[in-house]
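First the structure, in the form of structure tokens, and then the observations on it.
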Amino acid sequence: MWVEDDAFLSDVIAKKLAGEKALLVHTANGEEAFPIAEKELPDIILLDILLPGMDGFEILRQLKRNDKTKSIPVILFSNLGQKSDIDKGKDLGAVKFLVKATVTLDEIVSEIKNTLPEKN
């Protein structure tokens, strides 16, 4: 699942992940993210922090408090790259924190693959 309000970035990521045969669920609105995650139960969530409606930190907080969604790995993906933001994300349960400006599409795909739980 991809939660990102930047339409251009979302389109680029969607095309890249489609090329990897990934099934992508996307929302650009923070308030829609938790209900969609709870319904779809994605294998992984890439979550922006600055979103309309509800910020990514609050979404992450809700995901980790809910029995249905708490085990879904979450990668925070933001231009907020200060240590305090990274620490807050990890304290709330994010498995990784990627700074948009410093990663390539291939690195994003690699991080997703490395984070996904093994399927039997």
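Summary table below
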{"quantity": "Any chance Val99 is surrounded by 15 or more Cβ atoms within 10 Å (Cβ to Cβ), modelled with pLDDT under 95, in contact with a helix residue (DSSP H, G or I) (Cβ under 8 Å, 6 or more places away or on another chain) and closer than 24 Å to Leu9 by Cα", "calculated": "no"}
{"quantity": "Count of residues meeting criterion [crowded, with 17+ Cβ neighbours inside 10 Å and more than 10 Å from the chain's Cα centre (by Cα)] in region 73-90", "calculated": "5"}
{"quantity": "Residue check for Gly93: modelled with pLDDT of 95 or more and over 11 Å from the mean Cα position of the chain (by Cα)", "calculated": "yes"}
{"quantity": "Filtered residues of region 1-40 (kept if touching a Ser or Thr at 6+ places or on another chain (Cβ under 7 Å) and among the charged types (D, E, K, R))", "calculated": "Glu4, Glu38"}
{"quantity": "Criterion violated by Lys68 - all others in (1) among the charged types (D, E, K, R); (2) surrounded by fewer than 15 Cβ atoms within 10 Å (Cβ to Cβ); (3) not in a loop (DSSP other than H, G, I, E, B) satisfied", "calculated": "(3)"}
{"quantity": "Every residue from region 44-65 that is farther than 25 Å from Ala7 by Cβ, out of contact with any helix residue (DSSP H, G or I) (no Cβ under 6 Å at 6 or more places or on another chain) and either surrounded by 14 or more Cβ atoms within 10 Å (Cβ to Cβ) or modelled with pLDDT under 95 (or both)", "calculated": "Lys64"}
{"quantity": "Qualifying residue in region 2-23 (condition: modelled with pLDDT under 95, among the aliphatic types (A, V, I, L, M), surrounded by 17 or more Cβ atoms within 10 Å (Cβ to Cβ) and part of a helix (DSSP H, G or I))", "calculated": "yes"}
{"quantity": "Extreme residue, nearest to Lys39 (Cα to Cα), among residues of region 71-120 that are of a type in the set (Ser, Thr, Tyr) and assigned to a helix (DSSP H, G or I)", "calculated": "Thr115"}
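The values are calculated or read from the model by the stated rules, or taken from the named source; none is laboratory data. Everything numeric here is computed off the predicted structure, so don't read it as measured data. Neighbour counts run over all protein chains shown; Cβ positions are idealised from the backbone, glycine included.
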